[in-house]
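Below is one structure, written out as C-alpha cells; the observations come after it.
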Amino acid sequence: MARRHSRQDPYGELDREAEAPAAPVLCWLCGRPTGKTIIWHHPVPKSRGGRDVVPMHAICQQALTTNFTNAELQRHGMDVEALLANPNVRKFVDWVAKKDPDFTASTAKKQR
C-alpha cells in the first residue's frame, strides 16, 4: 500500500499561500497598530466594576491614567471620543501618531 503523505511534507496538500498573516491589533486610544507589547487595559477600572478589556500601547495607558481619575474613567466608560475631547489627551494622541508602535517614553505626572 502506498504512503498517503510524503516524508518531506507530512501535511501534504495544505495550501500555505492561503494562510493570511494575522491582522495587526489596533490601539483603542490612538488607533495605531500595536507593537510587540500589548497592554490589555480596563477602560472602566476593575475597582469600579469594569470587566471589558481593550488593547493599548503602554504609553497610551500611561497617558490615560495620568489625565483621568478612576471615577472619571468610569463616567466615560467605553466612549473613546469623550476621552479624546480632553485637550491633554488629544495633544498626546496627535504627538504619538508619528511614533513607532514600540515607542516608549515617560509621561508627565498626574495633574491632580
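Computed from the coordinates by the stated procedures, all read-outs in this text should not be read as laboratory data. The structure presented is a predicted model; accordingly, all values stated were derived computationally and were not measured. FYI the Cβ positions are ideal-geometry reconstructions off the backbone, even for glycines, and counts take in every protein chain you see.
Structure notes:
- Panel order for V53, V80, V93, by other beta carbons found within 10 Å of each beta carbon, from fewest to most: V53, V80, V93.
- A crude spin-label estimate for the pair R75 and N88, with each label 7 Å from Cα along the Cβ direction, gives 1.4 nm.
- Net length gained if the chain between A105 and A22 were fully extended (0.36 nm per residue, minus Cα distance): 27.1 nm
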